[in-house]
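J.: Structure in structure tokens, see below.
The values are calculated or read from the model by the stated rules, or taken from the named source; none is laboratory data. None of the values given here were measured: they were computed from a predicted structure. FYI the Cβ positions are ideal-geometry reconstructions off the backbone, even for glycines, and counts take in every protein chain you see. When the accessible area is computed, the model is the full protein with side chains, heavy atoms only, and any ligands, DNA or RNA have been set aside. Shrake-Rupley method; radii C 1.70, N 1.55, O 1.52, S 1.80 Å.
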Number of protein chains: 2
Amino acid sequence: MTTPALIDSLRALVGAAHVLTDGDLTAYEQDWRKRARGKALAVVRPGSTAEVASVVKACAAAGTAIVPQGGNTGLAVGSIPDASGSQVVMSLARMAAVREIDAANLTVTVEAGCVLQVLQETAAKAGFLFPLSLAAEGSCTIGGNLATNAGGTQVLRYGNARELCLGLEVVTAQGEVWDGTSGLRKDNTGYDLRDLMVGSEGTLGIITAATLKLFPQPAARLTAWAAVGSFDDAVQLLGQAQRHLGAGLTGFEVMGQFALSLVRRHMPQLRVPFADEVGDGHPYFVLLENSDSESEEHARARFESLLEAAFESGCVADAVVAENLSQAHELWHIRESIPLAQAEEGLNIKHDISLPVSRIPAFCAETDALLAREIAGVRLVNFGHLGDGNLHYNVQAPAEGDAKAFLRDQEKRVNELVYAQVQKFGGSFSAEHGIGSLKVQTLEQHKSPVALGMMRAIKSALDPQGLLNPGRVLAA
Amino acid sequence: MTTPALIDSLRALVGAAHVLTDGDLTAYEQDWRKRARGKALAVVRPGSTAEVASVVKACAAAGTAIVPQGGNTGLAVGSIPDASGSQVVMSLARMAAVREIDAANLTVTVEAGCVLQVLQETAAKAGFLFPLSLAAEGSCTIGGNLATNAGGTQVLRYGNARELCLGLEVVTAQGEVWDGTSGLRKDNTGYDLRDLMVGSEGTLGIITAATLKLFPQPAARLTAWAAVGSFDDAVQLLGQAQRHLGAGLTGFEVMGQFALSLVRRHMPQLRVPFADEVGDGHPYFVLLENSDSESEEHARARFESLLEAAFESGCVADAVVAENLSQAHELWHIRESIPLAQAEEGLNIKHDISLPVSRIPAFCAETDALLAREIAGVRLVNFGHLGDGNLHYNVQAPAEGDAKAFLRDQEKRVNELVYAQVQKFGGSFSAEHGIGSLKVQTLEQHKSPVALGMMRAIKSALDPQGLLNPGRVLAA
């Protein structure tokens, strides 16, 4: 099929208004962090699963590659077309319906284009919690969350997007529809195709809908802030909190002193508790969240008894429980302001790593020292979801000098040093952001060749033409 | 390679003492429920991952099929050889080490042959809970639990074997070793090979070790027993318990009156609470478990306030919280005695189905009536893990007449009726027992052809020679 013939046929399938070829397509062609820009043959916006299937069939017949796209907020450049102008972007944005809430089954079935925040609000209106929560929630979509196995701040208790998903509807590379939108919590009938699709970043199939878990709203959600004397103490505190609060512990975020100093410098209106009480201040801070099914009073008593015990055992230097919702929001706001504060400070090199929690203190001690030794003037912005072993172990350009030149000259070396350390300590170089096109080479370097071989065999088996998001996850 | 040459080479690889070809091999060749008996070419008992890999390579070179075997306690005839005498049984029983407990990371790494109960006890000794729990725990192995994605009584809170698994070590069909025994809670580096292997019943790779989640031991675990007026009320009570206890609700088992009447008939020493208070008694009973991270006192207060509220709202007719551990054990013992009571009563047809919780009352009402209408004298032994939507919806042969003849004449028809109803109500015909060889035809009938096509493509991609547990899950 010729290109004009394909475009005509796409117009016939989804309506001319939903096949974009002219005008400003930046929103579809550029990634969220503006690190890359591609060129689409066309942007197709199907309005139903049947339309998705028919578009895939038409593209497969023409040998044209498809780049599935949700909110296009990914951090690994996985949802924009390459520069060739030969790839079709398939935006799922029009498929945004919440199909069904099943209250007694604690499930919701939504289409892939549903924005995460819309789903959160829909669930809340029905009296439930949909716990997936992350910075891009106002724009990202459920389809993208599942395709990248999104993480965020509630993983400690509720798991990644993967753990929240019970069933999927998927259009295969052949344009067939697999209706697996089951709301079952147990189903041992064959291979786990659901989890194979989750996190495959649109390279094995196109997620068009999903059945997801809901939870009862907790009766109370309290936030605390603690200063700790070392990373070891933070890990100790985590263990105590897990024993003391059980599944009530829904958040455990760690922040290094330098990360918070950037917040204080660039957002002086935010008051960071215990930031300047003792000499140069505490090296690390922890934000804890306790969700309670009983009452706020009970949550507070449990939180206070945990913090007292932690104080007694010496792993907490100082701590406070937020008195009210606005104080709690302010504490979370400090944590969430770190990426922006980093940006205000200037250029930086980001890492999204995970490690066994037990090995994080040694990893940080050794890697901090290694970077300080190897890279002059390096400044570490270390923060993250300690409860999940997930650190955003970022490297800020030196305070003095040309930050652009620093990144140009040092980014590769910094990444090599950090990822080698991650591998040495049994960690992952991509905890929650995925591979996209940014980390395809890193995956080839660090993944076991046996695992890579299985991945390639699966890709060839399910997408033999290589038309689904080629060059993402695996090299094309 | 000739057969004698293969046997010689296996002896050279694992030691002659660990290649069994003579004597009584019943334990390896017959399934747990004695429904089938095969004939092995040899039983090989490797002692290390390297030996597993070398055995697979030797078998692959000889074109000989391998049947991986753990405790051989599966219920779907998936771990014994076929009758041909040409398949090698690979028993993982010698690989039973607990490799490492990582307390701060809340993980344990064990070899595949470790018996579940040994792992539970090892975890408990270290102060942790490994929550997977099921009837065969004294004999079944972790490798088998993962290969079949075992369920059991704690799934409501802790998930199936799948959810408890963070990483796997697997020997591929080519005899390569994939070391994926990571203890990471977040790792988005490529396709989810772990979950593809979990539940694949040894047809895609041989699990040799796993890294699993541990949990802090709860401070208290209490059990309650409630009589309810209908299945609808049981579902209502489940919702109330989920809201009231949150993640504290660790068990929610439902039992029909007839199931309990069999327990009372065949185990008269067991006292079933509220069984004969009102006329013919209550139609359904519920066993609830509440695990509390605070204290027994707190657990009891929460449990009592839940049951009071449920009584007020009318969904509970009567309820009692066990006063002490021995009462709690007795309540669980009643629940766990149902399968044995069924066996004492005579032959029966077992189903392991799951449904959306919301649809269970309608499913039961309609299917109970359908079976009563279609199959004369049918008696339903209905019980299961209602919290997971998982019912053991079993059909006991009529009280009068020849039970053997009933099964011979009616089993196929009963299964057809039940599975058609399951499909109509959006359920699964195998919730936790898997496919094995028993349900291969049922899978072909009820699974979506698109899903089956993907499964076959994956099987061919990872095991192109078709040597790993052939004829299980998918037809050979």
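J.: Pull up region B:389-398, narrow it to residues that are in a loop (DSSP other than H, G, I, E, B) and more than 15 Å from the chain's Cα centre (by Cα), then point me to the one that is farthest from residue A:189 (Cα to Cα).
T.: Applying the first criterion (in a loop (DSSP other than H, G, I, E, B)) to region B:389-398 yields B:389, B:397-398.
If we keep only those that are more than 15 Å from the chain's Cα centre (by Cα) as well, we get B:397-398.
Details: B:397: 27, B:398: 30 Å.
Within region B:389-398, the match that is farthest from residue A:189 (Cα to Cα) is B:398.
J.: While we're here: Would you say residue A:308 is among the acidic types (Asp, Glu) and either open to solvent by 80 Å² or more (accessible area, probe 1.4 Å) or touching a Phe, Trp or Tyr at 6+ places or on another chain (Cβ under 8 Å) (or both)?
T.: Judged against the criteria, residue A:308 is a match.
J.: Just to be sure, is residue B:136 in the same structural domain as residue B:205 (by TED's automatic domain parsing), touching a residue at least 24 places away in the same chain (Cβ under 8 Å), among the hydrophobic types (A, V, I, L, M, F, W, C) and assigned to a loop (DSSP other than H, G, I, E, B)? Talk me through it step by step, then tell me what you get.
T.: Values: in the same structural domain as residue B:205 (by TED's automatic domain parsing): yes; touching a residue at least 24 places away in the same chain (Cβ under 8 Å): yes; among the hydrophobic types (A, V, I, L, M, F, W, C): yes; assigned to a loop (DSSP other than H, G, I, E, B): yes.
Judged against the criteria, residue B:136 is a match.
Residue by residue, here is whether (1) over 30 Å from residue B:253 (Cβ atoms); (2) touching a residue at least 60 places away in the same chain (Cβ under 8 Å) holds:
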| residue | (1), (2) |
| --- | --- |
| B:392 | no, no |
| B:409 | yes, no |
| B:435 | no, yes |
| B:459 | yes, yes |
| B:476 | yes, no |
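J.: Determine if region A:219-236 includes at least one residue that is open to solvent by 10 Å² or more (accessible area, probe 1.4 Å), touching a Leu at 6+ places or on another chain (Cβ under 8 Å), in a loop (DSSP other than H, G, I, E, B) and modelled with pLDDT of 95 or more.
T.: no
J.: Given the condition open to solvent by 40 Å² or more (accessible area, probe 1.4 Å) and touching a strand residue (DSSP E or B) at 6+ places or on another chain (Cβ under 8 Å), answer yes or no: does some residue in region B:49-59 qualify? If you could, list the steps in order and put the result at the bottom.
T.: Here is the first cut: in region B:49-59, the ones open to solvent by 40 Å² or more (accessible area, probe 1.4 Å) are B:50-51, B:57.
Keeping just the survivors that are touching a strand residue (DSSP E or B) at 6+ places or on another chain (Cβ under 8 Å) gives B:50.
Within region B:49-59, one or more residues are open to solvent by 40 Å² or more (accessible area, probe 1.4 Å) and touching a strand residue (DSSP E or B) at 6+ places or on another chain (Cβ under 8 Å).
J.: In addition: Which one of the conditions (1) surrounded by fewer than 21 Cβ atoms within 10 Å (Cβ to Cβ); (2) assigned to a loop (DSSP other than H, G, I, E, B) does residue B:264 fail to meet, given that it meets all the rest?
T.: With (1) surrounded by fewer than 21 Cβ atoms within 10 Å (Cβ to Cβ); (2) assigned to a loop (DSSP other than H, G, I, E, B) applied to residue B:264, the lone miss is (2).
J.: Residue A:244 - would you say it is of a type outside the set (Asp, Glu), touching a helix residue (DSSP H, G or I) at 6+ places or on another chain (Cβ under 9 Å), assigned to a loop (DSSP other than H, G, I, E, B) and buried (at least 19 other Cβ atoms within 10 Å of the Cβ)?
T.: Taking the combined requirement at face value, the residue does not satisfy it.
J.: For region B:350-393, which positions are surrounded by 21 or more Cβ atoms within 10 Å (Cβ to Cβ) and small (Gly, Ala, Ser)?
T.: Once the filter is applied, which keeps residues that are surrounded by 21 or more Cβ atoms within 10 Å (Cβ to Cβ) and small (Gly, Ala, Ser), region B:350-393 yields B:354, B:384, B:387, B:389.
J.: Can you go through A:159, A:152, A:167, A:175 and tell me which one is surrounded by fewer than 24 Cβ atoms within 10 Å (Cβ to Cβ) and at pLDDT below 95? Before the answer, list the steps.
T.: Details: A:159 fails: at pLDDT below 95; A:167 fails: at pLDDT below 95; A:175 fails: at pLDDT below 95.
None of the others qualify; the one that does is A:152.
J.: Which numbered condition trips up residue A:442, out of (1) farther than 20 Å from residue B:183 by Cα; (2) open to solvent by 10 Å² or more (accessible area, probe 1.4 Å); (3) within 7 Å of another protein chain (Cβ to nearest Cβ)?
T.: (3)
J.: Now a separate question. Being acidic (Asp, Glu), closer than 30 Å to residue A:119 by Cβ, open to solvent by 20 Å² or more (accessible area, probe 1.4 Å) and touching a helix residue (DSSP H, G or I) at 6+ places or on another chain (Cβ under 8 Å) is the requirement here; does residue A:253 meet it? Don't jump to the end; show me each part of the working.
T.: On the way: acidic (Asp, Glu): yes; closer than 30 Å to residue A:119 by Cβ: yes; open to solvent by 20 Å² or more (accessible area, probe 1.4 Å): no; touching a helix residue (DSSP H, G or I) at 6+ places or on another chain (Cβ under 8 Å): yes.
Judged against the criteria, residue A:253 is not a match.
J.: Going residue by residue through region B:373-384, is there one that turns out to be charged (D, E, K, R), touching a helix residue (DSSP H, G or I) at 6+ places or on another chain (Cβ under 8 Å), under 19 Å from residue B:285 (Cβ atoms) and part of a helix (DSSP H, G or I)?
T.: As a first pass, look at region B:373-384 and keep what is charged (D, E, K, R): B:373-374, B:379.
If we keep only those that are touching a helix residue (DSSP H, G or I) at 6+ places or on another chain (Cβ under 8 Å) as well, we get B:374, B:379.
So of that shortlist, the ones also under 19 Å from residue B:285 (Cβ atoms) come out as B:379.
So of that shortlist, the ones also part of a helix (DSSP H, G or I) come out as none.
No - not one qualifying residue is present in region B:373-384.
J.: Further question on the same structure: So which pairs qualify, if the first residue must be in region B:291-312 and farther than 20 Å from residue B:238 by Cβ, the second must be assigned to a helix (DSSP H, G or I) and open to solvent by 60 Å² or more (accessible area, probe 1.4 Å), the Cβ gap must be under 8 Å, and the two must be at least 6 apart or on different chains?
T.: Within 8 Å, the pairs are B:293/A:243.
J.: Count, please, the residues in region A:94-114 that happen to be of a type outside the set (D, E, K, R) and open to solvent by 40 Å² or more (accessible area, probe 1.4 Å).
T.: 6
J.: Just name the residue that is farthest from the chain's Cα centre (by Cα) out of those in region A:90-102 that are within 22 Å of residue A:185 (Cα to Cα) and touching a residue at least 40 places away in the same chain (Cβ under 8 Å). If you could, list the steps in order and put the result at the bottom.
T.: Of region A:90-102, the ones within 22 Å of residue A:185 (Cα to Cα) are A:98-102.
Subsequent filtering for residues that are touching a residue at least 40 places away in the same chain (Cβ under 8 Å) retains A:99, A:101-102.
Details: A:99: 24, A:101: 25, A:102: 26 Å.
Per the criteria, the residue is A:102.
J.: Return a yes/no flag: does region B:420-439 have any residue that is within 30 Å of residue B:66 (Cβ to Cβ) and in contact with a helix residue (DSSP H, G or I) (Cβ under 6 Å, 6 or more places away or on another chain).
T.: To start, the set of residues in region B:420-439 that are within 30 Å of residue B:66 (Cβ to Cβ) comprises B:428-439.
Next cut, in contact with a helix residue (DSSP H, G or I) (Cβ under 6 Å, 6 or more places away or on another chain) only: B:429, B:435.
Yes: region B:420-439 contains one or more residues that are within 30 Å of residue B:66 (Cβ to Cβ) and in contact with a helix residue (DSSP H, G or I) (Cβ under 6 Å, 6 or more places away or on another chain).
J.: If you don't mind, another one. Just checking, which of A:208, A:203 is among the hydroxyl-bearing types (Ser, Thr, Tyr), more than 7 Å from chain B (Cβ to nearest Cβ), farther than 19 Å from residue B:150 by Cα and not in a loop (DSSP other than H, G, I, E, B)? Can you show your working first?
T.: Working: A:203 fails: not in a loop (DSSP other than H, G, I, E, B).
Matching residue, one of A:208, A:203: A:208.
J.: So, restricting to helices (runs of 4 or more DSSP H) that lie completely within region A:399-476, which ones have at least 3 residues that are modelled with pLDDT under 95? Show your work before the answer.
T.: Details: elements: A:403-424, A:440-446, A:449-462.
Ranges flagged: A:403-424.
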